[in-house]
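Q: One structure follows; several queries about it will come next.
All of the numbers you see were taken from the coordinates with simple rules; none came from a lab. Because the structure is a prediction, the values reported are computed rather than measured. With ideal geometry, Cβ positions are generated from the backbone for all residues, glycine too; neighbour counts draw on all protein chains shown.
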Amino acid sequence: MFRATTASLCTYCQRMRAIIPPMALSFSTCTAPDKQTENQHTVDSLYELSVDIRKVRKLKGWVLSERTAYVAETADLLKDLGADTASITRVLESHPEAVLCRPEDIATHRDLWVSVCPDKRELMRIIEKFPASFFTLTHHSNQRANILYFQSLCLNKRLIGKLMASAPQSFCRPVERNQEVIHTLRETYLDLGGDEGNLRIWLQKLFSQNPYVLMRPAEAWRDSLGFLREQGFSTKELLNLVSSLRASIAELQPEAMRQALDYIEGALICSKEEVKEIAICCPAVLYYSLPTLAGRFQGLMDIGVSMEQVKECPTVLELTTAIVLYRVQKLASYGYDVRCGSLDVITGTKKDFELSYGKLNLRQLRPLFNPVAPLRSSEE
């Protein structure tokens, strides 16, 4: 069993070593390391855990060539968190660099994560889903400072853990950067008429919907909101947009939004006020590219849907043309002609569509197609 003989190894360092030309590492050969250069003890230890060595060789073969590895120790730590053999195998196959981390460093890191996880099993579920986030041991002091800061905001512990897992970059940087973003978000929320007492709930909603919002610069929020104010959106409408766009509003460019709104105005032949109402009803039109919007609108026209129908139910633009065609054809097989009714029945998620479809009874379907024709059954 190997013991620590070198400084702590991090993922970044190992990747840097992996991309250094072989000539820089050895004068003996110009070819990539072969099986003979591998650490046989590491290979055997991973094999005993049923790790697919061929997969590791193909994707991250450099890991097998490192002189020092801690396969058994890493597996024991994962077992202590409640992992079974299959879970350990999956983690080490997807992120074999984990075995290069010193056990004492991982233990310290584990204690840090446990402080934002309800229990060890929850932490293990996070590790299975985001192994790279957990086994990146650099910036430990920044992570600790950021955890303490977010805890001071009284954010949900589980949410903080989710942020660390899905957006680890935001916890690796100095806490001052996140404090600046939170300050901007607070100012934005209050300027739009939000209540200080609901700020925490609003922040939790934003972070849960889009963990990467912390990585957006403050200027991006100001530019996007400034453009929408110019388009006539009220503070209340802007607050709803910011919430419904899942914080993606900070990722939008004013010029791209202008093109999207201009296209909607021309394609649906409507006034600027109507365009604004469409954007409020379907905020997605603000971040879809012009080719995407044009393609989806044309797809609806090709199946005989009218502009008025789209105007009354703009959320249909959230669906790809393929999904629209599938849902229209499925309803048509039972006698429902979307050209003669509302598009609401085909909008929403797959689950929404199935629920709406299930609620449609025979009395609703028959008059829209042929009042005297028998309805086809699913067996026909």
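Q: Using the alpha carbons of region 241-342, what is the convex hull volume per residue in cubic angstrom, as a whole number?
A: Values: hull volume 10.1 nm³, N = 102.
With only Cα atoms used, region 241-342 gives 99 Å³ per residue.
Q: Sticking with this one: Taking loop as defined by DSSP and a crowding limit of 16 other beta carbons within 10 Å, which chymotrypsin sites (Phe, Trp or Tyr not before Pro) in region 313-356 fit? Walk me through the numbers on the way to the answer.
A: Values: sites: Tyr326, Tyr334, Tyr336, Phe353; in loops: Tyr334, Tyr336.
Those satisfying the criteria are Tyr334.
Q: If you build the Cα gyration tensor of region 81-192 and take the root of 5 times each eigenvalue, what three semi-axes come out, in whole angstrom, biggest first? Provide the component values of the computation, followed by the final result.
A: Values: eigenvalues 163, 41, 29 Å².
Semi-axes (√(5λ), whole Å): 29, 14, 12.
Q: Residue-wise, which Karplus ³J(HN,Hα) couplings in Hz belong to region 254-263, taking 6.51 cos²θ - 1.76 cosθ + 1.60, θ = phi - 60°, and x for glycine or proline?
A: Those phi angles translate into x, 5, 5, 5, 4, 4, 5, 5, 5, 5 Hz.
Q: Can you tell me how much longer the chain between Glu180 and Lys330 gets when fully stretched, taken as 0.36 nm per residue apart minus their C-alpha distance, in nm with one decimal?
A: Between Glu180 and Lys330, full extension yields an extra 49.0 nm.
Q: Now for a different question. Taking R0 as 25 Å, what's the FRET efficiency between Ile323 and Ser234 from their Cβ-Cβ distance, rounded to 0.05?
A: On the way: r = 33 Å, r/R0 = 1.31.
The value I calculate is 0.15.
Q: Within the set of other residues whose C-beta is less than 12 Å from the C-beta of Asn142, count the net charge using Lys and Arg as +1 and Asp and Glu as -1. Walk me through the numbers before you get to the answer.
A: Details: positive: Arg144, Arg173, Arg177; negative: Glu176.
Taking every Cβ under 12 Å from that of Asn142, the sum is +2.
Q: If you plug each phi of region 46-61 into the Karplus form 6.51 cos²θ - 1.76 cosθ + 1.60 with θ = phi - 60°, what whole-Hz ³J(HN,Hα) values come out, in order, with x for Gly and Pro?
A: 5, 4, 5, 8, 6, 6, 6, 5, 4, 5, 5, 4, 6, 8, 9, x
Q: Apply the Karplus parameterisation 6.51 cos²θ - 1.76 cosθ + 1.60, with θ equal to phi minus 60°, to every residue of region 310-316 and state each ³J(HN,Hα) to the nearest whole Hz, in sequence, with x for glycine and proline.
A: 5, 5, 6, 9, x, 5, 5
Q: Any idea how far apart Ile269 and Arg339 come out in nm if each label point goes 7 Å out from Cα toward Cβ?
A: Between Ile269 and Arg339, the label points sit 1.8 nm apart.
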